[in-house]
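The values are calculated or read from the model by the stated rules, or taken from the named source; none is laboratory data. Fair warning: this is a prediction, and the values are worked out from it, not measured in the lab. Methodologically, a virtual Cβ is constructed for each residue, glycine included, from the backbone with ideal geometry; neighbour enumeration extends over all protein chains shown.
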Amino acid sequence: MNGLMMDVPLSTSGIVRRARQLHPGKPIVSRRADRTIHRTTYGECVDRAVKLAAALRRLGVRRGDRVATLAWNHWRHLEIYYAVPSSGAVLHTLNLRLHPDDIAYIANHAEDKVILVDKVLWPLWEKVAPQVRIRHTIVMADDGEVPSGTLDYEALIAAESAGGEFADVPERRAAAMCYTSGTTGKPKGVVYSHRSLMLHAIGLALTDAFRLAERDTVLPVVPMFHVNAWGLPFVCGMLGCGQVHPGPHLDPTSLLELLAAERVTLTAGVPTVWLGILQKLDSAPAAFDLSALHSMVVGGAAAPEGMMRGFKERHGLTVIHAWGMTETSPLGTISRLTSHIEQLDDATQWAYRAKQGRPSPLVEIRARGEKGLIPWDGTAMGELEVRGPWIAGAYYHADDGREAFTEDGWFRTGDVVSIDIHGYVTIQDRAKDLVKSGGEWISSVALEGALMGHPAVAEAAVIAVPHEKWDERPLAAVVLKEGATADPAELRFYLMDKFSKWWIPDEVVIVSAIPKSSAGKFLKSALREQFRDRYGQANPSLRGLSRSS
């Protein structure tokens, strides 16, 4: 027999209605481009979102139409987050850090009908606009002046008198979409349903995930144009958490000022952000009161154990390691310690915190090696495969990237991992970033994490460089902390007691900066191109290193 429960759709409109009904006075704080602070509330935010949805309908936006944004994190972008999906259209956030040609390709591929642009980003949009087919361009300006031929965001909202609230949208209808970074080909579209966003929000809130409640105040450093700011705008609206948005000011001092002034309890971003903040705190440990901050979630790339220890041991701050992708909405795994692990020694607990963690409830994992599914023994390595209700089952235009999905319905992540007996995932590398030297695999992630544990090292990226004898050998590019000194020989020696000799990079190159992708990850493709001829001849530093060492 069938169940007898109510068939209430899981849709973002339910989140938005709840935010206005139960948490109308909770604050939403944003830093404007001119560095001044704007304050509003959920009640005002949702009222304006309802009017925005009405204005978009007057412009011809219908259910299923894609509405794009090119904007930083702020209150207006949050209004769009709530208005567009809840009205039945599809929110499409464009990555403002991409090249204009890539932005144009994505907007055309998604068939965006309307674009909402920050005025401070108008110079970027002017390079994109001639290449796209957009019906209406709406500009968000703080000074009340918008470029000729565009529509004023504030004027559109002011012209609407519509009240009311959002009706339910069928839960399997598209709500939002984001595109992958395209580092291994053309960017691919991932379409999120209302159901997947709702379930993902519930998953984020769990105690063994982000551990969120109404009393929290959240600052997403992760951009709203990147995987829906990791779902934080939706889970915060659902729970009534206060929100703090940094606008375009993502330097360590600006972020620390907001974290302290607004008594933020949880924040989230990529490792490069936290590395910069740790250096700032180390240089001025008493300058910022972060006593309210209970969690700093790090994802997007492996976080070095040394960084995590530095925050905890020197500043009393807890870093929570998580893993995910655009295709996983993004929460896939999170490294909360189980009661069993908490009984073990301190060094073991730190080792577990540095892993990517166990799968979130409703997410299933497995890994496949050359001979099939690998055992969960913490040693065997294979490509991670995942499935769950907020994991993509295909890309927009299903023929794109079809090979990323298995015949039995799992997503192939491209991450090479080991999984231990307790279900903790350790990412050894992206498949394309593993170093295969003399037929043996070397993990660039492990080497990077160790190098960033050196007191003089700010950032480190390890790449595979072609080698005439061993096929590939590792090379490390290292950025030193301001005022710190270390020579390559010292850094190679630092690794000697941590890895087999043949794992040690043949060269450590001190660089002023490491190229980064639009998501703040190390852009290893640029480094591989820069150093691809470095080991053209057998390297003298390999003498004495054997595969049995």
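In table form, for the structure just shown:
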| quantity | calculated |
| --- | --- |
| Some residue of region 294-304 being touching a helix residue (DSSP H, G or I) at 6+ places or on another chain (Cβ under 8 Å) and either assigned to a helix (DSSP H, G or I) or of a type in the set (Asp, Glu) (or both) | no |
| Filtered residues of region 91-114 (kept if in a strand (DSSP E or B) and under 21 Å from Val222 (Cα atoms)) | Leu91, His92, Thr93 |
| Selection within region 249-280 - surrounded by fewer than 21 Cβ atoms within 10 Å (Cβ to Cβ), among the aliphatic types (A, V, I, L, M) and in contact (Cβ under 8 Å) with a residue 12 or more places away in the chain | Leu250, Leu256, Ala260 |
| Where Gly189 falls short, out of the listed (1) on the phi > 0 side of the Ramachandran plot; (2) touching a Cys at 6+ places or on another chain (Cβ under 9 Å) | (1) |
| Selection status of Gly453, outside any helix (DSSP H, G or I) and touching a residue at least 24 places away in the same chain (Cβ under 8 Å) | yes |
| Condition check for Ala201: in a loop (DSSP other than H, G, I, E, B) and touching a helix residue (DSSP H, G or I) at 6+ places or on another chain (Cβ under 8 Å) | no |
| Residues of region 222-253 satisfying the condition of being of a type in the set (A, V, I, L, M) and more than 17 Å from Ile37 (Cβ to Cβ) | Val222, Met224, Val227, Ala229, Leu232, Val235, Met238, Leu239 |
| Candidate set from region 380-429 (those that are under 25 Å from Thr338 (Cβ atoms), β-branched (Val, Ile, Thr) and at pLDDT 95 or above); member that is nearest to the chain's Cα centre (by Cα) | Ile391 |
| Lone qualifier among Gly14, Gly43, Gly60, Gly25 - being on the phi > 0 side of the Ramachandran plot and either free of Cβ contacts under 8 Å to residues at least 60 places away in the same chain or not in a strand (DSSP E or B) (or both) | Gly60 |
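Results for (1) modelled with pLDDT of 95 or more; (2) farther than 28 Å from Leu362 by Cα; (3) not in a strand (DSSP E or B), shown as yes or no for each residue.
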residue	(1), (2), (3)
Gly144	no, yes, yes
Glu171	yes, no, yes
Thr183	no, yes, yes
Pro187	no, no, yes
Arg211	yes, no, yes
